[in-house]
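> There's a structure below that I have some questions on.
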Amino acid sequence: MPFRQPFKHSFGLLILLLLTTQVWASQTETVATEQSASSHPRIGLALGSGGAAGLAHIAILKAFDEVGQRPARIAGSSIGAIIGALYAAGLNGSEIEALFAEFGGSGFELLGNLARGENGISLTDLIDLDLDDGGVIDPEPFFEHLRSRIEARSFSDLEIPLVVVATGYFSGESVALEQGDLFQALSASMAVPGLILPVERDGALLVDGGVSNPLPWDLLGEEVDYVIAVDVSGQRERPADGALPASEMLFKAFELMQQSIVREKLRTNEPDLYLRPEVEGIRLLNFHRVKTIIEQTAATAERLRQFLDEASAQPVPRGN
């Protein structure tokens, strides 16, 4: 019997050593995972106003998905607020693309036809008929479609903090919306004056965010490491026949105003990465051309991927 007691103690020590090693390995793996997750920089993403050209934002979000990152905070104006809200609610870039692809044959495609003067009616005709009411388009069917795809109804339901920009009609000042009814805020942010009815919220009459702050990277705050701004305010091309329809000039004048605001902001406070997709031949209501718009944004999306890869390879600047 003289060897049983030492063997018993040795066996117990071995078990204890194995358990300790397993716990240490588990803790090490957890710490490594947490360090890997925290090594990604906190990205603040601003998505700008621009009508259907704003579908270029989808290509930007798909680039985030492809590199396995998500913005820490999003600020959006008009179409940028819409797409930003869908992403913040949990949809990925491909799911948002599919959602807008469903508008082929929908009311938004009809609106695009009206804007082009097809079916014998032009958008100018509708504006002339209904201008006194403050708008010619009812966006509620569009929002009902969005409600059917996401569960979020309030800002507090979102997975990513979101700032939605609107404009006070009487004050002319930018209004940052971050709490309360999400869809009411989105309705206000895309209420293009003369096209979509203004929205009353908290005693104020609100119109499109692009009127005052079409690219709101200044609202992302200081809790992010890098700020990325995506400008989809469009460009003007001289028609081959030289003709400039009144409706076209109306919307392009709105784009000119937005571009002027963005240029002035860039002089005083540049984002870390300013992206301006070269989207051509897209009019305000061409929402049914999502595939074409995303294809044209491919080079810009690649530039973003390179930036994210390089930023992730650098020490994260936690000084903010």
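The values are calculated or read from the model by the stated rules, or taken from the named source; none is laboratory data. These numbers were taken from a predicted model, which means no experiment stands behind them. Positions of Cβ are generated from backbone atoms using ideal geometry, with glycine treated the same way; all protein chains shown enter the neighbour counts. Ligands, DNA and RNA are excluded from the accessible area calculation, which covers all protein heavy atoms including side chains. Shrake-Rupley method; radii C 1.70, N 1.55, O 1.52, S 1.80 Å.
> Would you be able to tell me the number of residues in the range 170-186 that are buried (at least 20 other Cβ atoms within 10 Å of the Cβ) and either at pLDDT below 95 or closer than 18 Å to Gly50 by Cβ (or both)?
Adding up the residues that qualify gives 1.
> Next up: Hey, any hits in the range 67-80 for a residue that's surrounded by fewer than 24 Cβ atoms within 10 Å (Cβ to Cβ) and part of a helix (DSSP H, G or I)?
Within the range 67-80 (the criterion being surrounded by fewer than 24 Cβ atoms within 10 Å (Cβ to Cβ) and part of a helix (DSSP H, G or I)), the answer is no, since none of the residues qualifies.
> Go through the range 151-164 residue by residue and tally those that are assigned to a strand (DSSP E or B) and either out of contact with any Leu (no Cβ under 7 Å at 6 or more places or on another chain) or without any contact (Cβ under 8 Å) to a residue 12 or more places away in the chain (or both).
So the answer is 1.
> Filter the range 153-173 down to residues that are under 11 Å from Arg73 (Cα atoms) and not hydrophobic (A, V, I, L, M, F, W, C) and give me whichever is farthest from the chain's Cα centre (by Cα).
Out of the qualifying residues, it is Glu159.
> Kindly indicate which of Gly194, Gly242, Gly234, Gly203 is at pLDDT below 95 and under 22 Å from Leu266 (Cα atoms).
Within the list Gly194, Gly242, Gly234, Gly203, the selection yields Gly234.
> Still on this structure, please answer the following. Which residue pairs have Cβ atoms closer than 9 Å, lie 6 or more positions apart in sequence or on different chains, and pair a first residue in the range 32-56 that is farther than 19 Å from Val279 by Cα with a second residue that is at pLDDT 85 or above and of a type in the set (Ser, Thr, Tyr)?
Here the result reads Ser39/Ser312; His40/Ser312; Pro41/Tyr226; Pro41/Ser312; Arg42/Tyr226; Ile43/Tyr226; Gly44/Tyr226; Leu45/Tyr87, each pair linking the range 32-56 to a residue that is at pLDDT 85 or above and of a type in the set (Ser, Thr, Tyr).
> Could you list all residues from the range 263-295 that are without any contact (Cβ under 8 Å) to a residue 24 or more places away in the chain and of a type in the set (A, V, I, L, M)?
Selection gives Leu266 alone.
> Of everything in the range 122-150 that's in a loop (DSSP other than H, G, I, E, B) and surrounded by fewer than 17 Cβ atoms within 10 Å (Cβ to Cβ), which residue is modelled with the lowest pLDDT?
Ranking the candidates gives Gly134 first.
> List, please: which pairs have Cβ atoms under 7 Å, are six or more places apart or on different chains, and start with a residue in the range 194-206 that is free of Cβ contacts under 8 Å to residues at least 40 places away in the same chain and end with one that is among the aromatic types (Phe, Trp, Tyr) and open to solvent by 90 Å² or more (accessible area, probe 1.4 Å)?
Leu205/Tyr169; Leu205/Phe170
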